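In what follows, a single structure is set out as structure tokens and then discussed.
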Amino acid sequence: MSITIEKNSQLGKTNILNTSETYKPAEQNAVRNLFHQHGLKCTPQRLAVLAALNDSKEHISISEIYRKVRKILPGTGLATIYRALETLVDLGLVLTVHMEDGCHSYAVAQDGHQHPIVCIGCNRVVEFTECPLETMSRKLSKKIGFLIQKHFLQLFGKCQQCQLQVKGGARAVGGVD
């Protein structure tokens with residue numbers, strides 16, 4: 001889904017539009033309905049954050065989101081971006097990735113269960129779908145009587161490109177530092 005936001009200067013209102021070739025009114029309505037089901041307003045700022053993330057096909061930083069949103073809605077403050085992201089994460093529309101340096105990056109949540117692998121060299125993020133925790137969660141639930149409702153798994157390592165950029169030249173991919 002691609003959402004764009006258009007400022008109507010005559011009316012002083014912000015209109016949320018979807019102008020991509022893959023326009024699907026049902027998807028846009030589903031996002032709005034999700035907000036309303038949780039008793040939340042579907043604000044232009046929240047949709048602008050979602051649009052900024054949707055336009056980027058990779059994980060991006062808060063500063064990049066802020067820059068993109070300010071192009072759409074110039075009066076939007078950084079605190080508003082943080083609040084919008086928190087809401088979008090809570091609704092399951094956006095994923096947060098914890099970076100090696102303690103910062104976060106964000107991306108639109110894809111369908112299905114995924115976990116990130118973060119390159120400690122270049123901060124590249126790759127999502128993987130295999131989840132070894134599903135079986136372990138079921139076993140633990142039975143063993144200790146704890147109803148496990150969700151989990152968090154994130155891995156850190158070096159991508160192939162960063163493995164090859166070791167000081168003094170290239171080395172074999174797959175080695176451990």
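The values are calculated or read from the model by the stated rules, or taken from the named source; none is laboratory data. Here the structure is a predicted model, which means the values were calculated and not measured. With ideal geometry, Cβ positions are generated from the backbone for all residues, glycine too; neighbour counts draw on all protein chains shown.
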Check: Looking only at the stretch 115-145, which residues are among the polar types (S, T, N, Q) and surrounded by 12 or more Cβ atoms within 10 Å (Cβ to Cβ)?
Finding: N123, S137, S141
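Kindly check whether there is at least one residue in the stretch 77-87 that is at pLDDT 90 or above, in the same structural domain as S56 (by TED's automatic domain parsing) and loosely packed, with under 12 Cβ neighbours inside 10 Å.
Within the stretch 77-87, one or more residues are at pLDDT 90 or above, in the same structural domain as S56 (by TED's automatic domain parsing) and loosely packed, with under 12 Cβ neighbours inside 10 Å.
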Note to self: Among the listed residues T76, T80, identify the single one that is farther than 25 Å from Q160 by Cα, of a type in the set (S, T, Y) and in a helix (DSSP H, G or I).
What the structure shows: T80
Margin query: Filter the stretch 56-94 down to the residues that are within 13 Å of the chain's Cα centre (by Cα) and within 19 Å of R32 (Cβ to Cβ) and list them by number.
Written below: A84, L85, E86, T87, L88, V89, D90, L91, G92, L93, V94
Notebook entry, point to check: Before we move on, is E130 within 30 Å of L164 (Cα to Cα) and assigned by TED's automatic domain parsing to the domain that holds L164?
Noted result: yes
